[in-house]
Amino acid sequence: MYIQDVFHSNTGISQFRLEESNSDKAVLYTLYGQNELSKDLFRGPEYVVACKQIKLLRTNSTLHEGDLVFSTISGEATVVGADHEGYILTQNYVRMVPVPQNVVDTKYIAFLINESPEIKRYFRQNLQGSQVVRYSLNLLKKVPLPPLPSIEKQRIIGDIYYKQLKLQALQQRVAINQGTIKMAMLRGVN
């Protein structure tokens with residue numbers, strides 16, 4: 001079984017094809033990027049990064065909470081969080097929508113793509129390009145999947161995976177804050 005058997009996958013829209021508008025009816029949209037993907041994986045930076053925004057009259061390439069997204073730049077997958085609802089999916093990302101007859105947990109599939117040694121090996125063997133490495137839509141579609149466990153087991157594994165990522169992010173934040181406090185205390189000793 002391959003990803004193409006379980007998901008319909010499509011890339012986002014090229015930023016050059018977005019026609020910015022100054023009309024009063026235009027809506028301000030934010031582009032989904034690597035920072036947003038990292039935040040959805042609980043690996044995001046603690047500082048605020050200016051997001052690219054654009055005013056458009058219409059678009060049909062917006063993300064919804066719960067969408068499974070794959071980065072063709074980093075090769076990582078994540079589930080879109082509520083904070084990124086309505087962001088525009090650009091050409092560097094692929095939205096993966098489960099085929100109706102398949103019942104899969106998107107967090108579990110993100111776990112497989114990000115952590116499976118077999119999938120990582122498949123990507124390494126089939127990537128092209130020596131300078132700039134990009135994961136193509138065709139490569140993603142042909143990723144072999146192991147036999148999928150029951151949906152209940154998928155949900156448990158996916159949930160634990162995301163909770164573990166959040167725990168790691170919180171532990172990292174605690175370590176950084178403790179280091180900042182200790183440095184401030186050392187500066188006060190002088």
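Numbers for the structure displayed
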read-out	value
Top-ranked residue of region 57-98 - restricted to ones that are out of contact with any Ser or Thr (no Cβ under 6 Å at 6 or more places or on another chain) and modelled with pLDDT under 85, ranked as nearest to Glu152 (Cα to Cα)	Thr62
Selection from region 63-106 of residues that are more than 18 Å from Leu127 (Cα to Cα), among the aliphatic types (A, V, I, L, M) and not in a strand (DSSP E or B)	Leu63, Val80, Ala82, Leu89, Val99, Val103, Val104
Residue match in region 152-162 (condition: modelled with pLDDT under 90, over 19 Å from the mean Cα position of the chain (by Cα) and surrounded by fewer than 16 Cβ atoms within 10 Å (Cβ to Cβ))	no
Residue among Ile13, Ile119 that alone is aliphatic (A, V, I, L, M) and at pLDDT 90 or above	Ile119
Residues satisfying the stated conditions in region 110-126, i.e. part of a helix (DSSP H, G or I) and either in contact with a strand residue (DSSP E or B) (Cβ under 9 Å, 6 or more places away or on another chain) or touching a residue at least 12 places away in the same chain (Cβ under 8 Å) (or both)	Ala110, Phe111, Leu112, Ile113, Asn114, Glu115, Glu118, Ile119, Tyr122, Phe123, Asn126
Any chance Ala169 is assigned to a helix (DSSP H, G or I) and surrounded by 15 or more Cβ atoms within 10 Å (Cβ to Cβ)	yes
Filter result (crowded, with 20+ Cβ neighbours inside 10 Å and either closer than 25 Å to Pro147 by Cα or out of contact with any strand residue (DSSP E or B) (no Cβ under 9 Å at 6 or more places or on another chain) (or both)) within region 81-103	Val94, Arg95, Met96
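The values are calculated or read from the model by the stated rules, or taken from the named source; none is laboratory data. Since the model is a prediction, treat every value here as computed from it, not as a measurement. With ideal geometry, Cβ positions are generated from the backbone for all residues, glycine too; neighbour counts draw on all protein chains shown.
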